[in-house]
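Values quoted throughout were computed directly from the atomic coordinates according to the rules given, and no laboratory measurement underlies them. Bear in mind that the values here come from a model prediction, so they are computed numbers and not experimental data. Because the Cβ atoms are built from the backbone with ideal geometry, glycine has one as well, and the counts that use them run over all protein chains shown.
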C-alpha cells in the first residue's frame, strides 16, 4: 500500500498534468484565431494590391486623357497664333504654348512612372495570390489538426481527472480534509518536492525531523509556505 508521501508525489504529478492540459486547451482557440487572422491578412494584402493596381490604371488613364487634351490645346493656340496681328498677341500665344508644352512634358514623365508602377504592381499580384493560396491550405490543415489535437487534450484531461479522483480516494480520512483544503486554495502549487531537506516550493530548509518523517512516509507540510511535501 502506498504511503502518504508516495501518494502526494503521484497527486502532484496529476495536478500538474491537469493544469498543463487546461492551459493548452485554453490556448488552442487563441492559436486558431491567430492562424485565421494570418489568413485575413493575406486576403487583405491581395485585395489592397488589386485596388492599388486599379487606382494606378485609372490615374494613368486620366493623365493620358489630360495629355491628349493639352496637345489639342497646343494645336488650338498654334492656329490662333497664325491670326495674331501684334507682337503682344504673338508673345501671349508663345507663352501659352510653351507653358502647355511644359505641362505635357511633366505629364509624360508622370505617365511613364505610372506605367512603370503598373508593371511592378501587376507582377506583385500573382505573388500575393500564391501567398493567399498557400496560407489558405496551411490554415485549413491547421484547423483539422487543431480539432484532433483539442479532442486528444480533452481525452487526456478526462483521464487525468479520473486518475486524480481514484488516487485521492486512497488518502486516509485524517489526511484528506487538509489535502483538499490546500489543493482547493492553491491547485497544483499546494504540493512540492523536498530535496536534501529543502522545500522546492519556497526553497527554505526543513528540520531533520520533518525530513525523517517524510522518509518514513508520513504526511508533512512545509513550515514556511505550507505546501504538502513529498520526497
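Assorted remarks:
- For the chain, the 222 nm mean residue ellipticity estimated from helices alone, with every DSSP H stretch of n ≥ 4 adding -39500 (n - 2.57) and the total spread over all residues, rounds to -29000 deg cm²/dmol.
- Distance between the modelled labels on residue 30 and residue 224, one decimal in nanometres: 3.1 nm (7 Å Cα→Cβ projection).
- Relative frequency of Cα-Cα separations exceeding 14 Å in the stretch 171-231, percent: 51 percent
- For the chain, the share of DSSP beta bridges that are antiparallel, to the nearest 5, is 60%.
- Alpha-carbon centroids, the stretch 50-119 and the stretch 23-38: separation in whole Å: 56 Å
- Cα long-axis angle, helix 176-186 against the chain (0 to 90 degrees, to the nearest 10): 20 degrees
- Each peptide among 13-26, 80-93, 216-229 gets the average number of other Cβ atoms lying within 10 Å of its residues, and from highest to lowest they stand as 216-229, 13-26, 80-93.
- Crossing angle, helix 87-168 versus the chain [Cα axis fit, 0-90 degrees, rounded to tens]: 20 degrees
- Values (i) 19.9, 63; (ii) 19.1, 63; (iii) 39.7, 125 are given for comparison; Rg and Dmax of the Cα atoms in Å, derived from the coordinates here, is the one labelled (iii).
- Cα gyration tensor shape of the stretch 114-174, rounded if a/c is under 1.5, else prolate or oblate by comparing a/b with b/c: prolate
- The label-point distance for residue 168 and residue 134, in a model that sets each label 7 Å from Cα toward Cβ, rounds to 5.0 nm.
- Spin-label pair residue 186/residue 51, simplified geometry with 7 Å Cα→Cβ offset, distance in nm: 5.6 nm
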